[in-house]
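Novice: To start, I am sharing the structure in question, which I have written as structure tokens.
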Ligand SMILES: [Zn+2]
Ligand SMILES: [Zn+2]
């Protein structure tokens with residue numbers, strides 16, 4: 001197993017008996033990424049048997065309560081465990097809002113919060129990068145500033161085992177291939193690209209809350225996993241007024257998304273059951289669209 005993705009909350013607006021408000025935990029490359037942090041997220045993390053102290057990054061889509069009210073409690077717990085820093089990404093005024101939330105209780109903050117505010121980008125924009133991954137973002141179409149995130153592992157060159165054996169390459173040869181890009185064996189020159197293939201990096205996209213926009217396809221295209229809101233079933237359900245997505249719209253753009261797995265979340269509490277969603281998806285034989293629920297997880 002390389003990584004794990006767990007949905008910690010799948011309700012929109014307020015929590016229900018079955019569903020908490022939004023949060024998604026991505027564990028990958030030895031790091032923990034928390035996308036949104038609805039109230040009660042830290043308890044969901046414990047229930048899911050995930051390690052809370054492994055969270056190094058918190059990525060907030062927007063500043064509505066159902067996406068951020070869990071942040072102060074979670075930050076205090078990280079501090080309690082001696083974690084010394086947390087990187088937080090969010091829309092403009094995130095820093096001020098987090099500060100207000102933290103000042104709502106008496107507590108001596110020691111953890112260093114590195115908050116990066118991102119004015120919603122008009123085009124897909126790289127907002128953060130490390131050695132083996134980067135994060136892209138683009139503006140969504142909600143009632144307040146809102147952004148989507150795409151986590152992308154960098155593509156890397158991997159050695160072709162069969163070729164390595166056939167050419168009898170040894171440790172010393174690999175060192176030369178890595179440093180000089182070629183090696184000479186039996187008076188033949190072998191270039192690194194002759195013995196390697198490009199392995200596409202893992203891509204995860206998180207989109208909530210938004211009404212219809214072409215930016216969804218721009219950001220999410222070709223993802224391995226897309227977690228996307230489907231608050232409503234179809235347009236009659238005030239999707240335009242409250243600026244949310246419908247299952248019908250997601251099905252309309254499905255071919256263009258070209259994602260390996262699509263997980264729906266942020267369901268309106270007006271649906272006591274998601275049977276109509278289920279039937280619609282089954283009718284079209286789309287077996288890579290999943291109806292998310294709390295603790296739904298994918299290992300990859
Ligand atoms: Zn919401
Ligand atoms: Zn919202």
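Values quoted throughout were computed directly from the atomic coordinates according to the rules given, and no laboratory measurement underlies them. Note that the coordinates shown come from a computational prediction; the quantities given were computed from them, not determined experimentally. Cβ coordinates were reconstructed from backbone atoms using ideal geometry, including for glycine residues, and neighbour counts include every protein chain displayed.
Novice: Would you kindly state how much longer the chain becomes between residue 196 and residue 48 on full extension, computed as 0.36 nm times their sequence separation minus their alpha carbon distance, in nm to one decimal?
Specialist: In short, 49.4 nm is gained.
Novice: Same structure, new question: Using only alpha carbon pairs under 8 Å that are at least six residues apart, calculate the relative contact order of the range 175-300 and give it in whole percent.
Specialist: Over the range 175-300, the number comes to 20 percent.
Novice: Another question, if that's okay. Could you check what % of the DSSP bridge pairs in the range 52-140 are antiparallel, to the nearest 5?
Specialist: Taking every DSSP beta bridge with both residues in the range 52-140, the antiparallel ones total about 30 percent.
Novice: In addition: Could you work out the Kirkwood radius for the chain, taking every pair of different alpha carbons, averaging 1/r and inverting it, reported in Å?
Specialist: Evaluated over the chain, this radius sits at 20.7 Å.
Novice: State, to one decimal in nm, how far the label point of residue 218 lies from the label point of residue 111, with both points 7 Å from Cα in the Cβ direction.
Specialist: In this crude label model, residue 218 to residue 111 measures out at 3.3 nm.
Novice: Separate question: Just to confirm the number: angle between the C-alpha axis of helix 71-80 and the first principal axis of the chain, 0 to 90 degrees, nearest 10?
Specialist: Roughly 60 degrees between the two axes.
Novice: Using only the alpha-carbon atoms, how far is helix 171-180 inclined from the longest principal axis of the chain? Give it as 0 to 90 degrees, nearest 10.
Specialist: 70 degrees
Novice: Among 60, 167, 29, which one shows the highest mean-square fluctuation when the chain is modelled as a Gaussian network with alpha-carbon springs under 10 Å?
Specialist: The residue with the greatest mean-square fluctuation here is 167.
Novice: Still on this structure: Ratio of the range 186-261's C-alpha Rg to 2.2 N^0.38 Å, to two decimals?
Specialist: Computed over Cα atoms of the range 186-261, the ratio equals 1.70.
Novice: Mean residue ellipticity at 222 nm from the helices of the chain, using -39,500 (n - 2.57) per DSSP H segment of n ≥ 4 over the full residue count, to the nearest 500 deg cm²/dmol?
Specialist: Value at 222 nm, helices only: -7000 deg cm²/dmol.
Novice: Please list, by residue number, everything in the range 52-82 whose backbone N is under 20 Å from a paramagnetic label point 7 Å out along Cα→Cβ of residue 100.
Specialist: From the range 52-82, the list is 59-76.
Novice: I've got another one for you. Only bridges whose two residues both fall in the chain count here: according to DSSP, what percent of them are antiparallel, nearest 5?
Specialist: Within the chain, antiparallel bridges account for around 55 percent of the total.
Novice: Hey, another quick one. Roughly what angle does helix 247-257 make with the longest principal axis of the chain, taking Cα atoms, 0 to 90 degrees, to the nearest 10?
Specialist: The two axes meet at around 20 degrees.
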